[in-house]
1. Being over 20 Å from the mean Cα position of the chain (by Cα) and in a helix (DSSP H, G or I) is the filter here; which residues of the stretch 18-31 pass it?
2. What number of residues within the stretch 39-52 satisfy the criterion of being of a type outside the set (V, I, T), closer than 27 Å to A120 by Cβ, more than 24 Å from the chain's Cα centre (by Cα) and not in a loop (DSSP other than H, G, I, E, B)?
3. Just the residues that are among the hydroxyl-bearing types (S, T, Y) and closer than 21 Å to L185 by Cα, please, taken from the stretch 141-171.
4. Could you give me the residue pairs with C-beta distances under 6 Å whose first residue belongs to the stretch 151-165 and is under 16 Å from S180 (Cα atoms), whose second residue is modelled with pLDDT of 95 or more and of a type in the set (G, A, S) wherever it lies, and which are 6+ apart or on separate chains?
5. Quick one: in the stretch 94-126, which of the residues that are in contact with a Pro (Cβ under 7 Å, 6 or more places away or on another chain) and in a helix (DSSP H, G or I) is surrounded by the fewest Cβ atoms within 10 Å (Cβ to Cβ)?
6. Taking the condition of being in contact (Cβ under 8 Å) with a residue 60 or more places away in the chain, among the polar types (S, T, N, Q) and outside any loop (DSSP other than H, G, I, E, B), how many residues in the stretch 70-91 meet it?
7. What number goes with the only condition from (1) of a type outside the set (V, I, T); (2) surrounded by fewer than 18 Cβ atoms within 10 Å (Cβ to Cβ); (3) outside any loop (DSSP other than H, G, I, E, B) that S157 does not pass?
Amino acid sequence: MPKIVDPEQRRTEIIHGLWAVIYEHGIHAVTYQAVAQAAGVSVGRIQHYFDSKQDLVHAGCRAMVGAAAEAHEQRADSLEPLEALTELLLQPIPRSDAFRLGSAVWYVYLAQTVADPQIAEIIGGASRETLEYATSLLRSAGAPAPAHEAARLVALSNGLAQSVLIGALSPDRATDILGSEVASLRTAVDSTDAGAGRPAPTPSARKSSAQE
């Protein structure tokens, strides 16, 4: 009986090999041969799934965006808006060796946006969606100036992630900073609710509002 091949699993294996090459040697070192060796597959198999080296590189970028979105959705599914916001802000912080590898590859892609319009489109679209999502969470929580706060907090998160990646800050310190920012927001929201004579929304009410 012929072996059943899962195309998505094969593509994922190849993309993981691509990321390993980018991490160890840089994006300009990507070749079919290098990725095949890293992934433990043949060059022909890579060519079966990806039309060109650029197609493979772009697929790797889209896969990083998709994996991050899926991971956040799983963690934030049962959280109220400010808890979900905290998870979103903490997501870029490299908190393990495997995460550091992923972050390093992400910043290689980020640098490549200057020279590659398609990568710029992928990352630019993901960044805009992150800002819109953060804004919706803040609006659901009743935070003042949600769009402004979303831009500020997302920029802070990205800056802290870079500092952790280069060793200027520890992951714990970056986590504490972001946690303090969200705690201050929660205090401001609760104070506004109390000043207006409204009870602060319960976690379940905030979660329901964010999903509408």
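1. Within the stretch 18-31, V21, E24, H25, H28, A29 qualify.
2. Here the count works out to 2.
3. S157
4. Partner pairs satisfying both residue conditions: V154/A134; L160/A174.
5. Applying the filter and picking the extreme gives R100.
6. Residues meeting the conditions: 1.
7. (2)
The values are calculated or read from the model by the stated rules, or taken from the named source; none is laboratory data. None of the values given here were measured: they were computed from a predicted structure. Glycine gets a Cβ as well: all are built from the backbone with ideal geometry, and neighbour counts include every protein chain shown.
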